[in-house]
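Worksheet: one structure, shown below.
The values are calculated or read from the model by the stated rules, or taken from the named source; none is laboratory data. These figures come from a predicted structure and were not determined experimentally. Note that we place each Cβ from the backbone using ideal geometry, even for glycine, and neighbour counts take in every protein chain shown. When the accessible area is computed, the model is the full protein with side chains, heavy atoms only, and any ligands, DNA or RNA have been set aside. Shrake-Rupley method; radii C 1.70, N 1.55, O 1.52, S 1.80 Å.
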Amino acid sequence: MPKALITGGAGFIGGHLTRRLLDQGWTVDLVDNLSRGVKDEMVAELEAHPSFALHIADLRDPASLTNIGTDYTHVFHFAALLGVQNVIDRPQEVLRHNVSMLETMLDVAAAQSDLQRFLFPSTSEVYVGTQQQFELPIPSPETTPLAVSPLDAPRTSYMLSKIYGEALCHHSGLPFTIIRPHNFYGPRMGLSHVIPQLSQRIRDAADGDELVVYSIDHRRTFCFIDDAIDYVVALLATDEAVGGTFNIGTQEPEITMGALAQLLCGIVGRDLSIVAGETHAGSPPRRAPDMTHTDAVSRHRAQVSLLDGATRTYEWYRTNVFEGDGLSAT
């Protein structure tokens, strides 16, 4: 059976992917320094599985990986320094650490005796420079030429680290697959993301209160984590994905932040007056992936509606975080 090494595996995407692979009979080892992921109930559940192991290590120090073996068939590199506040406050670290961690894991992958796939998550942010300076088709296909934002802008740092990471994969000589995630959401994603954050603010409000929504007219599509993992697993199962780059997300519906807030008000059960707040600097007014290529190669299409996924996400947070004392991946 396949054996996977997943970095950043205690985080949102890595944790859900690990659980899915274990359910399919894989052996999975996670590497994490727990700076963003947490040892919550899911990780405790994973640790009880006989085919799972957790290694606490810092990828910025390759010496911390000396005990990693060479018999992994798949290496997935989800570890990264990200988040808007990190990008704004620590742009140099975002650039340097993300590149150095990827270089470490490319070396680890190259040392494997029977590597079948190296998976690198890029970001939908790679399209931002093109959108700012040229005409960006929306929905945006993977073949879109990429431009970069001004190099002295802090928000450029994360996008640059991922564009350079894509280039490193292309020139690595490894059997790689690059994915570009678009607005994944679901249980354990942390409270700094728009759906759980808005849900918490709505829950804490009383009927009749005002709810300030930032970038209220900006439009996004959202992909529930189960659909995202379905796409990843399907791409792993086909050789057609080797050497390819794939959007992962949902192509429609595009929804404004104001309409998303109204949807969440209905889910939470609050009657609030939605008012426009400031527009976040550097936030693209629209973002939606063209899923034609990914759907064709994966032979999969997203199944979970935004209403269903947002309801399931809120119920998880209500039970595990808002009314309980559980942790969520940060």
Report summary line: Placing +1 on each Lys and Arg Cβ and -1 on each Asp and Glu Cβ in the chain, then taking the dipole about the Cα centre, the residue among F184, H77, A153 whose Cα reaches farthest towards the positive end is A153
Query raised in the report: Using the alpha-carbon atoms, what tilt in degrees (0 to 90, nearest 10) does helix 156-170 show relative to the longest principal axis of the chain?
Result: 30 degrees
Requested in this report: For helix 194-204, report the angle its Cα long axis makes with the longest principal axis of the Cα atoms of the chain; keep it between 0 and 90° and round to the nearest 10°.
Outcome: 40 degrees
Report summary line: Taking r as the C-beta separation of Y164 and M1 and R0 as 30 Å, the FRET efficiency to the nearest 0.05 is 0.35
Report summary line: Taking placed amide H atoms and a strict 5 Å upper bound, the residues 5 or more places from T177 or on another chain that come that close are F118, L119, F120, G243
Requested in this report: Starting from the Cα gyration tensor of region 108-198, take the square roots of the eigenvalues, sort them a ≥ b ≥ c, and report rounded, prolate or oblate (rounded when a/c is under 1.5, otherwise prolate if a/b is larger than b/c, else oblate).
Outcome: oblate
Report task. Give a residue-ordered list of calculated ³J(HN,Hα) values for region 258-264 (Karplus: 6.51 cos²θ - 1.76 cosθ + 1.60, θ = phi - 60°; whole Hz; x for Gly, Pro). Result -> x, 5, 4, 4, 5, 4, 5
Query raised in the report: Does region 1-97 come out rounded, prolate or oblate by the C-alpha gyration tensor, with a ≥ b ≥ c the root eigenvalues, rounded set by a/c under 1.5 and, if not, prolate when a/b is larger than b/c and oblate if not?
Result: prolate
Query raised in the report: If ligands, DNA and RNA are left out, what is the accessible area of I138 with a 1.4 Å probe, given in Å² to the nearest 10?
Result: 40 Å²
**Report entry** Pair Y214, E45: separation of 7 Å Cα→Cβ label points (nm)
**Finding:** 3.2 nm
Query raised in the report: Excluding ligands, DNA and RNA, what is the solvent-accessible area per residue of the chain at a probe of 1.4 Å, expressed in Å²?
Result: 43 Å²
Requested in this report: Output ³J(HN,Hα) for region 309-323: one whole-Hz value per residue in order, computed from phi by the Karplus curve 6.51 cos²θ - 1.76 cosθ + 1.60 with θ = phi - 60°, and x for Gly and Pro.
Outcome: x, 5, 5, 5, 5, 4, 4, 5, 5, 4, 6, 9, 10, 5, 9
Query raised in the report: Given a 1.4 Å probe and every protein chain left where it sits, what share in percent of the accessible area of the chain is carbon and sulfur?
Result: 50 percent
